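All remarks here apply to the structure that follows.
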Amino acid sequence: MGRVRRVAKILRRAGTKVELGTSEELGIPRGFVGGMHETEGGILNPGKLTRVVRRALLESSARVFEQTKITDVVRTDGRVVLSTPGGQVRAGRVVFATNAFAGEWDITPRHLSVPLWVIEVETAPIDPDRLMELGWTSRSALVTQHNIMENYRLTSRNTIVFGVRRIERGKDFPLPMSEKSPDPALVDELAGAFAHRFPSLADVRVARSWGGWIATTPSWLPVAGQIDGDVFYSVACNGHGLAQAPYVGTLIADLLVDGVRPADLDVLWADKPRFPRPFMMSPLGLRRPGPSTASTTWSTGVAGTLARERSGLRHPRERAARRPRNAASPTPPMRAQPLT
Ligand SMILES: Cc1cc2nc3c(=O)[nH]c(=O)nc-3n(C[C@H](O)[C@H](O)[C@H](O)COP(=O)(O)OP(=O)(O)OC[C@H]3O[C@@H](n4cnc5c(N)ncnc54)[C@H](O)[C@@H]3O)c2cc1C
């Protein structure tokens, strides 16, 4: 809990409302010793949010071209020219919000962000009585205090969604999309972690998994800025963008319309489009233990400290590393089922 207390102190100093407690006090599963609860906020359904934003956009006076890939961006005669397979658009000003995919064009500043592939999995529906026995009365979403964290959340379908644990760096643009699917070995690893945290549900199978690209910056903070007065960009919510990305979008819209930069943009604004080499995102950095990102939870919830840390139990990988070379590997308590 020491790390949680330190993070809570920092957050309080920054004005965030957090409370510390045991798992019982916070109403989270007893597989966690306790944690820190961010008391303001909630859980967002990304599907509903996206559908509503799309409907509002289609009902507005804006002309929308869906399924239209911009293949190149150049400046010609004081205009920004966007090329697509079906034609070109010439614009006075452009805003890019293409997140992890921004690196596809030469105009994108070097080292702006690194694309990382992350995955989530979902269990089959669980008997409500078994869920009740977990003591997860708050239904708060959980993230662990690891540099590359695990997250757990209950759904209204009586399933548990969980994910991340390992990330994969995109090497080249364009990033692979439809041809990319979660690595079954990682799904298995996540399933093993789930069984470890929720021993009473170790028999519950994983029903499906999915993944996607997020953009990550060297500072782990979102970035917005401007290139030569006519190209604006907002990217890289570092995997926390469901609420942040739409908000930053409204700030940039205000800037364009009013010509005055809203104060909330100042903290994200890159005065010059120059960014340091992202050491944390190098193959070495991705393996290095580092400061916890759990203070910026994906969904407002509880950053928990795990019971295994209190009990001295180690991560399955660590235990495997300590096992004598010729010892047989124990069967993981929960295996992933074929993905649908
Ligand atoms: C598995 C997973 C779990 C996540 N969980 C959470 C979570 O719990 N909480 C949270 O806050 N965030 C989460 N995120 C991150 C969140 O999804 C992102 O931060 C958020 O979607 C960022 O929004 P965005 O609009 O900036 O970018 P995106 O949603 O990535 O949208 C970028 C858009 O740009 C378009 N585009 C790209 N290239 C081009 C091109 N060349 N031409 C035209 N269009 C282009 C794409 O089609 C896409 O529509 C998760 C992400 C993943 C992958």
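The values are calculated or read from the model by the stated rules, or taken from the named source; none is laboratory data. These figures come from a predicted structure and were not determined experimentally. Every residue, glycine among them, receives a Cβ derived from its backbone with ideal geometry; neighbour counts consider all protein chains shown.
A count restricted to the stretch 38-55 and to residues that are under 23 Å from the mean Cα position of the chain (by Cα) and either in a helix (DSSP H, G or I) or at pLDDT 95 or above (or both) stands at 9.
Restricting Val64, Val80, Val89 to residues that are farther than 30 Å from Lys171 by Cα and of a type outside the set (S, T, N, Q) narrows the list to Val64.
Taken over the stretch 201-212, the criterion of being in contact with a Leu (Cβ under 7 Å, 6 or more places away or on another chain) and surrounded by fewer than 19 Cβ atoms within 10 Å (Cβ to Cβ) is satisfied by Arg208 alone.
A quick yes/no check of all residues on (1) out of contact with any strand residue (DSSP E or B) (no Cβ under 8 Å at 6 or more places or on another chain); (2) more than 7 Å from the ligand (Cβ to nearest atom):
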{"position": "Phe194", "(1), (2)": "no, yes"}
{"position": "Pro199", "(1), (2)": "yes, yes"}
{"position": "Ala202", "(1), (2)": "yes, yes"}
{"position": "Trp213", "(1), (2)": "no, no"}
{"position": "Ser219", "(1), (2)": "yes, yes"}
{"position": "Asp228", "(1), (2)": "no, yes"}
{"position": "Phe232", "(1), (2)": "no, yes"}
{"position": "Asn238", "(1), (2)": "no, yes"}
{"position": "Val248", "(1), (2)": "no, yes"}
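The residues on offer are Val161, Val114, Val143, and the sole one that is within 11 Å of the ligand (Cβ to nearest atom) and buried (at least 21 other Cβ atoms within 10 Å of the Cβ) is Val143. Screening Met132 against (1) under 30 Å from Ala202 (Cα atoms); (2) out of contact with any Leu (no Cβ under 7 Å at 6 or more places or on another chain); (3) within 13 Å of the ligand (Cβ to nearest atom); (4) hydrophobic (A, V, I, L, M, F, W, C) leaves a single unmet condition, (3).
Being out of contact with any Gly (no Cβ under 6 Å at 6 or more places or on another chain), exposed (fewer than 13 other Cβ atoms within 10 Å of the Cβ) and either over 27 Å from Pro115 (Cα atoms) or of a type outside the set (A, V, I, L, M, F, W, C) (or both) is true of Gly78. The set of residues in the stretch 79-105 being part of a loop (DSSP other than H, G, I, E, B), more than 21 Å from Val248 (Cβ to Cβ) and either in contact (Cβ under 8 Å) with a residue 24 or more places away in the chain or more than 13 Å from the ligand (Cβ to nearest atom) (or both) consists of Gly92 alone. Filtering the stretch 106-125 to residues that are in a loop (DSSP other than H, G, I, E, B) and more than 14 Å from Arg208 (Cα to Cα) leaves Asp106, Ile107, Thr108, Pro109, Arg110, His111, Leu112, Ser113.
Within the stretch 1-19, residues that are part of a helix (DSSP H, G or I) reach partners that are β-branched (Val, Ile, Thr) with beta carbons closer than 7 Å, at six or more positions or on different chains, in the pairs Val4/Thr305; Ala8/Val18; Leu11/Val18; Arg12/Val18. Of the numbered criteria (1) buried (at least 18 other Cβ atoms within 10 Å of the Cβ); (2) within 16 Å of the ligand (Cβ to nearest atom), the one Phe32 fails is (2).
Tell me whether the stretch 121-129 contains one or more residues that are surrounded by fewer than 20 Cβ atoms within 10 Å (Cβ to Cβ) and within 9 Å of the ligand (Cβ to nearest atom). No, the stretch 121-129 contains no residue that is surrounded by fewer than 20 Cβ atoms within 10 Å (Cβ to Cβ) and within 9 Å of the ligand (Cβ to nearest atom). Taken as a whole, the structure leaves Val73 outside the set of residues that are touching a Leu at 6+ places or on another chain (Cβ under 7 Å), exposed (fewer than 13 other Cβ atoms within 10 Å of the Cβ) and within 27 Å of Gly87 (Cα to Cα).
Of all the residues that make up the stretch 217-237, how many are assigned to a loop (DSSP other than H, G, I, E, B) and surrounded by fewer than 21 Cβ atoms within 10 Å (Cβ to Cβ)? Lay out the reasoning, then the answer.
First, the residues of the stretch 217-237 that are assigned to a loop (DSSP other than H, G, I, E, B): 217-222, 228-230, 236-237.
Now narrow it down to the ones that are surrounded by fewer than 21 Cβ atoms within 10 Å (Cβ to Cβ): 218-221, 228-230.
Counting residues in the stretch 217-237 that are assigned to a loop (DSSP other than H, G, I, E, B) and surrounded by fewer than 21 Cβ atoms within 10 Å (Cβ to Cβ) gives 7.
Scanning the stretch 252-281 for residues that are under 20 Å from Thr108 (Cβ atoms) and either of a type in the set (Lys, Arg) or in contact with an Asp or Glu (Cβ under 7 Å, 6 or more places away or on another chain) (or both) yields Lys272, Arg274, Arg277.
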